[in-house]
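Trainee: Before I ask anything, here is the structure I am working with.
The values are calculated or read from the model by the stated rules, or taken from the named source; none is laboratory data. Remember, predicted model here, so these are calculated numbers, not experimental data. Ideal geometry is used to build each Cβ from the backbone, glycine not excepted, and the neighbour counts take in all protein chains shown.
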């Protein structure tokens with residue numbers, strides 16, 4: 001058994017709409033096409049020909065022709081209720097309810113025995129916001145089919161749209177008389193009495209429902225919720241306690257008690273009740289997650305809430321392990337708490353259950369990138385791209401993984417695909433161009449690399465990473481050294497003490513046969529990064545160019561200690577390198 005709980009007050013019409021249902025009328029349309037009798041055989045034949053032709057056109061969906069033929073039939077014999085009805089239906093379908101209303105009224109003047117006529121009139125009047133007329137038409141339908149509950153609900157709805165709540169209650173009273181006490185009608189009457197400012201009457205309706213099913217915990221919960229809504233706190237709490245005595249695991253009753261303790265500012269008791277409520281699998285994971293979301297902003301003001309809120313999120317996952325969203329929520333909490341490993345595990349579970357959330361994939365990939373888990377990132381990006389092949393950011397993750405895994409050709413492929421998409425996010429495109437340029441350079445596709453760098457600079461002309469790498473690659477090739485020097489100089493304007501930028505600028509000067517000037521910048525770089533094998537090697541090269549071979553040898557040897565696999569350094573030390 002489950003009971004209602006007080007979290008949100010649903011609107012009256014929302015509750016009513018859920019109970020109206022579809023039409024399931026037992027009465028068939030009258031086969032008699034005439035509201036009056038045709039005595040003239042010639043007129044009968046003419047009418048039948050026009051009417052049957054209209055029926056054919058209507059069945060084929062050719063409404064304009066059907067309308068013309070029904071009008072022709074009516075000109076032949078104006079007393080046909082069915083012809084007027086069909087015209088009304090067609091006009092309604094064509095979006096002309098005002099004309100349709102005139103036709104259905106003519107049909108009803110001729111024949112008041114067909115329930116379909118009244119129902120069509122109610123639909124037309126509803127479209128015209130003539131809710132009182134719609135309700136009265138449905139009440140006429142009730143007289144024709146008193147055993148069908150649908151017209152009762154629909155008539156009550158129309159009275160509610162017209163804000164005639166007393167008439168709506170009268171319809172529900174008729175319904176109770178016909179069908180007996182039922183939950184749907186009791187809940188509608190409860191809400192109507194509340195709208196009319198008669199809470200005691202609403203209580204009577206809930207008690208009447210409970211009398212029909214004594215001891216039903218769900219109905220007890222509805223009454224407790226009502227008591228709470230109308231300010232009868234003690235009566236509500238007493239009922240919740242009765243329910244929990246019979247069913248200690250009833251999450252809805254625990255929710256009610258949690259609300260009570262919240263109102264009494266008893267935080268610990270409230271959290272305890274919430275945790276018990278969260279263990280009830282009958283309560284949706286969405287409802288529980290919404291509560292966690294309302295509590296999260298409070299943690300900043302009251303840090304003691306952090307542990308219990310985390311526990312609530314964990315309880316949702318334990319109670320609904322097959323639902324993706326709670327895993328993602330817990331992943332978000334772990335991520336904000338700096339527990340990346342646990343967050344990754346939850347995100348992985350979330351996408352395994354439901355791979356349709358791009359945001360979860362992005363969070364998952366971001367954490368794998370930050371954790372330098374490149375094999376898993378590569379696999380994650382590939383899976384995500386199966387579901388979101390048009391998302392440029394996923395190609396960024398793919399390229400990032402392939403880059404770290406030393407697969408430059410795959411980097412090029414991922415970047416080109418990502419850049420070929422419509423991706424207005426320039427930050428993503430910038431990163432794709434940077435990785436593309438680096439990968440193309442590694443593949444010795446220098447022209448393509450330079451083009452990618454140029455594209456990156458079009459997006460961000462002061463990006464020091466792009467300026468530095470582009471300049472350094474040009475210097476290694478001794479290509480366009482003046483351009484390289486200009487770009488490198490700009491990095492120093494922006495960040496004058498960066499060791500990497502100092503080394504690049506010095507190396508460019510060295511390639512321009514200016515070793516003395518080069519040495520000054522490389523020496524400054526060495527002050528900041530004395531263990532960098534690249535800077536040590538560059539300093540050795542600068543000294544060698546100045547014929548200071550013993551000093552050069554010292555720096556090369558230091559560089560080799562830091563990078564013992566370097567063949568180039570070994571050649572420079574043993575004198576076999578072709579300078």
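Trainee: Go through the stretch 527-540 and report how many residues are surrounded by fewer than 21 Cβ atoms within 10 Å (Cβ to Cβ) and part of a helix (DSSP H, G or I).
Mentor: 4
Rundown of residues vs (1) in a helix (DSSP H, G or I); (2) more than 14 Å from residue 225 (Cβ to Cβ), yes/no style:
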site: 238; (1), (2): yes, no
site: 241; (1), (2): yes, yes
site: 244; (1), (2): yes, yes
site: 254; (1), (2): yes, no
site: 257; (1), (2): yes, no
site: 261; (1), (2): yes, yes
site: 272; (1), (2): yes, yes
site: 281; (1), (2): no, yes
site: 286; (1), (2): yes, yes
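Trainee: Can you pull out every residue in the stretch 313-325 that is surrounded by 24 or more Cβ atoms within 10 Å (Cβ to Cβ) and out of contact with any helix residue (DSSP H, G or I) (no Cβ under 7 Å at 6 or more places or on another chain)?
Mentor: Passing the criteria: none in range.
Trainee: Let me ask something else. Out of (1) assigned to a helix (DSSP H, G or I); (2) on the phi > 0 side of the Ramachandran plot, what's the single condition that is false for residue 573?
Mentor: Failing condition for residue 573: (2).
Trainee: Go through 328, 236, 258 for me and flag whichever is surrounded by 15 or more Cβ atoms within 10 Å (Cβ to Cβ), within 26 Å of residue 217 (Cβ to Cβ) and in contact (Cβ under 8 Å) with a residue 24 or more places away in the chain.
Mentor: That would be 236, the only listed residue that is surrounded by 15 or more Cβ atoms within 10 Å (Cβ to Cβ), within 26 Å of residue 217 (Cβ to Cβ) and in contact (Cβ under 8 Å) with a residue 24 or more places away in the chain.
Trainee: In the stretch 546-563, how many residues are part of a loop (DSSP other than H, G, I, E, B) and closer than 13 Å to residue 531 by Cα?
Mentor: Selection size over the stretch 546-563: 1.
Trainee: For the stretch 421-432, name all the residues that are closer than 26 Å to residue 347 by Cα and assigned to a helix (DSSP H, G or I).
Mentor: Passing the criteria: 427, 428, 429, 431, 432.
Trainee: With (1) touching a residue at least 12 places away in the same chain (Cβ under 8 Å); (2) touching a helix residue (DSSP H, G or I) at 6+ places or on another chain (Cβ under 7 Å) as the list, and residue 298 as the residue in question, which single condition is left unmet?
Mentor: All conditions pass for residue 298, except number (1).
Trainee: Among the candidates 478, 483, which residue alone is touching a helix residue (DSSP H, G or I) at 6+ places or on another chain (Cβ under 7 Å) and in a helix (DSSP H, G or I)?
Mentor: 483
Trainee: Of the numbered conditions (1) within 20 Å of residue 373 (Cβ to Cβ); (2) in a helix (DSSP H, G or I), residue 338 satisfies every one except a single condition; which is it?
Mentor: Here residue 338 meets the rest and fails (2).
Trainee: Let me ask you something else. Can you say whether residue 465 is out of contact with any helix residue (DSSP H, G or I) (no Cβ under 6 Å at 6 or more places or on another chain), surrounded by fewer than 24 Cβ atoms within 10 Å (Cβ to Cβ) and under 25 Å from residue 331 (Cα atoms), as far as the supplied structure shows?
Mentor: no
Trainee: If I filter the stretch 294-303 down to residues being surrounded by 12 or more Cβ atoms within 10 Å (Cβ to Cβ) and not in a loop (DSSP other than H, G, I, E, B), which single residue comes out as farthest from the chain's Cα centre (by Cα)?
Mentor: Going through the qualifying residues, I end up with 298.
Trainee: Now for a separate question. Restricting attention to the stretch 171-192, which residues are assigned to a helix (DSSP H, G or I) and exposed (fewer than 15 other Cβ atoms within 10 Å of the Cβ)?
Mentor: 173, 177, 178, 179
Trainee: Yes or no: residue 354 at pLDDT below 95 and under 26 Å from residue 285 (Cα atoms)?
Mentor: no
Trainee: Scan the stretch 200-209 and tell me whether some residue there is in contact (Cβ under 8 Å) with a residue 40 or more places away in the chain and surrounded by fewer than 19 Cβ atoms within 10 Å (Cβ to Cβ).
Mentor: No, the stretch 200-209 has no match at all.
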